[in-house]
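Working notes, structure below.
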Amino acid sequence: MLLRIDCVMFRVDDIDSAVAFYRDVMGLVPSWREGNQAGLEFPDTAGTELVLHSDPNIPPFDINYEVEDVTAALRFWWRPAAAW
């Protein structure tokens, strides 16, 4: 059902400094930049990215998953607690 982590998102105070840290220290590869957001790819994990942003209207942390079937995943995760 769960294929991979698609995106991990963090709010940061300074986009430029954060991009430099994740690029120079952690080895991520910058892939895009748009306003107060930037995406960096994990070099050995195709399609998974770290998104940095400084927008107070976006949650400080978020994680997105890729699944085979969105409808089936929602049914599975939103089932009644007694089914767990």
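The values are calculated or read from the model by the stated rules, or taken from the named source; none is laboratory data. All figures in this text were calculated on a predicted structure; none of them were measured in a lab. We place every Cβ from the backbone using ideal geometry, glycine too, and count neighbours over all the protein chains shown.
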Condition check for VAL70: over 15 Å from the mean Cα position of the chain (by Cα) and among the aliphatic types (A, V, I, L, M): yes
Unique residue being out of contact with any helix residue (DSSP H, G or I) (no Cβ under 6 Å at 6 or more places or on another chain), surrounded by 10 or more Cβ atoms within 10 Å (Cβ to Cβ) and modelled with pLDDT under 95 when the list is ASP16, ASP44, ASP69: ASP69
Filter pass, ASP24 being more than 17 Å from the chain's Cα centre (by Cα) and surrounded by 10 or more Cβ atoms within 10 Å (Cβ to Cβ): no
